[in-house]
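Structure record follows, encoded as structure tokens.
The numbers here are math on the coordinates, done by the rules we state, and not lab data. Since this is a predicted model, take the numbers as computed values, not measurements. Using ideal geometry, Cβ is built from the backbone for each residue, glycine included, and neighbour counts are taken over all protein chains shown.
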Amino acid sequence: AAKADGRGVHRFYSDDMLTGARTRKLLEDDLRAAISDGAFHLCYQPIVSTKSAQIVGYEALIRWNHPTRGLVSPADFIPVAEECGLIEAIGEWVLRTACLEAARWPGSVRVAVNVSPIQFANPALPALVTSALAQSGIAAGRLELEITEGVFLDETRSSEQMFRALKGIGVRLALDDFGTGYSSLGYLRNAPFDKIKIDQSFVRGAAEPGNRNAAIIKAIVTLADTLGMETTAEGVEVQDEIDLIRDLGCSHIQGYVYGRPVRADEALRQLGVENGTAAASGFKASRAP
Ligand code: C2E
Ligand code: MG
Ligand code: MG
Ligand code: MG
């Protein structure tokens, strides 16, 4: 029977699947090494106010420069990190690094950090956030945590407690990729979001005549306005989309049209910060930990 089972394995796993599993294991080993090797860095993408057309913040986006594969997309490795338990260590590095780098920006500029549902389920998250704020010296109100609807999938009382703990610290909360996934309006009823990020799939094509996405964006903005939440349209690529998004009443725009994600030093340049001194007033330089 054992022999038959052994043969059976080869029947059930195609070469492709074996390769897939092996690739995944290699990716996992490499990810583990990447943390200690310092192979990650953050890029920052501007978030622009539709009213003032000024940069009011940046979203931190992780980049992994793999020794042989080159740049690996977070869309490929974040899910692996979530499955193999490495997301906690990576997420901590992202949060601390983003806060430290944001400490060099003018004090009015916010930093948005993506938080995995797995981090969100960890009762230690508020302490980590408090520590990252203290270590960097940035005000809590400058940090915006982006979470997806994934945090509601495993609904327990603890998510309500987590929202309360994070709001108690004074950080802002944004609901990322809104409109994809399950999009239950019930999420908006109880969760204290400061902002809804409208997924780029709704922005795509919205400026074309007769496209139904504009009506959906309009409805989301109306809802958000009524609930006292800001809105960011994601993935805005062309001027026509800026015009439409402004007309639809979104408070913020993020997308290639205003800038691709850039390295920390380029973000400093965009903000007019040279050699560690800010052009803007009210800026206090950070100390290294
Ligand atoms: P997200 O949080 O929704 O981030 C926005 C994504 O859209 C980014 O992709 C950004 O580069 C891309 N984007 C921005 N503007 C445009 C545009 O005009 N056109 C197009 N086509 N794309 C645009 P990126 O950096 O590849 O990140 C993909 C996803 O990976 C993120 O989606 C987020 O879910 C996840 N991610 C990235 N960094 C982190 C991180 O530090 N921690 C966690 N947990 N997840 C992260
Ligand atoms: Mg995001
Ligand atoms: Mg998003
Ligand atoms: Mg996304």
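Name the residues in region 208-219 that are among the polar types (S, T, N, Q) and either over 25 Å from A112 (Cβ atoms) or part of a loop (DSSP other than H, G, I, E, B) (or both), would you?
Here is the first cut: in region 208-219, the ones among the polar types (S, T, N, Q) are 211, 213.
Listed by number, the list holds a single entry, N211.
Scanning region 85-142 for residues that are within 10 Å of ligand 1 (Cβ to nearest atom), free of Cβ contacts under 8 Å to residues at least 60 places away in the same chain and aliphatic (A, V, I, L, M) yields I87, I90, V94, L95, A98, V113, V115, I118.
Using the structure shown, decide if G205 is of a type in the set (G, A, S), more than 16 Å from ligand 4 (Cβ to nearest atom) and not in a helix (DSSP H, G or I). Yes, satisfied. Considering the conditions (1) within 16 Å of ligand 2 (Cβ to nearest atom); (2) crowded, with 19+ Cβ neighbours inside 10 Å; (3) outside any strand (DSSP E or B), E146 is excluded by exactly one of them, (3). Of all residue pairs spaced 6 or more apart or on separate chains, those with beta-carbon atoms under 8 Å, a first member in region 217-235 that is in contact (Cβ under 8 Å) with a residue 12 or more places away in the chain and within 14 Å of L173 (Cα to Cα) and a second member that is part of a helix (DSSP H, G or I) and within 16 Å of ligand 1 (Cβ to nearest atom) are T231/I220.
Taken over region 44-85, the criterion of being closer than 22 Å to E101 by Cβ and in a loop (DSSP other than H, G, I, E, B) is satisfied by Q54, S73.
When region 179-202 is limited to residues that are in contact with a helix residue (DSSP H, G or I) (Cβ under 6 Å, 6 or more places away or on another chain) and part of a helix (DSSP H, G or I), the one that is nearest to ligand 1 (Cβ to nearest atom) turns out to be F202.
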